[in-house]
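> Pasting a structure here, questions to come.
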Amino acid sequence: MTMTQHGISVGIERINDAFMMTLTINGKLKHSDYEIIVPMLESAIAGVEQPKINALVDMREFNGWELRAAWDDLKLGLKHGRAFTKIAMIGNKKWEEYAAKVGSWFIAGDIIYFEDKTEACNWLNKSAD
């Protein structure tokens, strides 16, 4: 019997109206994963008029989406894309770098792909000049 692990681990911190979100994605995402993550995100930003979210997304164990989950991801980006200020995506596959570029079409803030977690965190923590 083989064990197939997939899903999203989420961490959310709120400081006044600013958010720091950490997402660790593993395996191949399914629609059922988005049925859990979307309400969590929406609950965290509920009641905040103009949320400002910085996110650290670790995709090093990510293997892609099922078709319906890819649609869920696109809808999430379209609905909440203006809330994100900075997204640092950490990966180790060339297609993940392309995914970050495509994601930037749907997100108002900056998305940068990194292969090193320390560099990603430093970028997120750097204030705008």
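We did not get these values from a lab; they are worked out from the coordinates using the rules stated. These numbers come from a predicted model, not from an experiment. Glycine also receives a Cβ, built like all others from the backbone with ideal geometry; neighbour counts cover every protein chain displayed.
> Stretch residue 101-residue 38 to full length: gain in nm at 0.36 nm per residue minus the Cα-Cα span?
20.5 nm
> Sticking with this structure for a sec: Provide, for q = 0.21, 0.22, 0.31 Å⁻¹, the log10 of I(q)/I(0) from a solvent-free Debye sum over equal Cα point scatterers in region 12-61.
-0.81, -0.87, -1.21
> So what's the back-of-envelope 222 nm ellipticity for the chain, counting only DSSP H runs of four-plus at -39500 (n - 2.57) apiece and dividing by all residues, rounded to 500?
That calculation yields -11500 deg cm²/dmol at 222 nm.
> Another question, if that's okay. Let's test the formula: R0 of 30 Å, r as the Cβ-Cβ distance of residue 92 and residue 48. What FRET efficiency results, to the nearest 0.05?
Efficiency for this residue pair is about 0.35.
> Give the shape of region 52-102 as rounded, prolate or oblate, defined through the alpha-carbon gyration tensor: a ≥ b ≥ c are the square roots of its eigenvalues, a/c under 1.5 means rounded, and otherwise the shape is prolate if a/b is larger than b/c and oblate if not.
Cα axes put region 52-102 in the oblate bin.
> Could you give the radius of gyration (one decimal) and Dmax (whole number) of the Cα atoms in the chain, in Å?
14.2, 54
> Something else now. Work out, step by step, the length gained on full extension between residue 61 and residue 9: first 0.36 nm times the residue separation, then minus their alpha carbon distance; give nm to one decimal.
Once the chain is fully extended between residue 61 and residue 9, it gains 17.5 nm.
> Suppose the chain between residue 30 and residue 115 were pulled fully straight at 0.36 nm per residue; how much longer would it get relative to their current alpha carbon spacing?
Gain in length upon complete extension: 28.1 nm.
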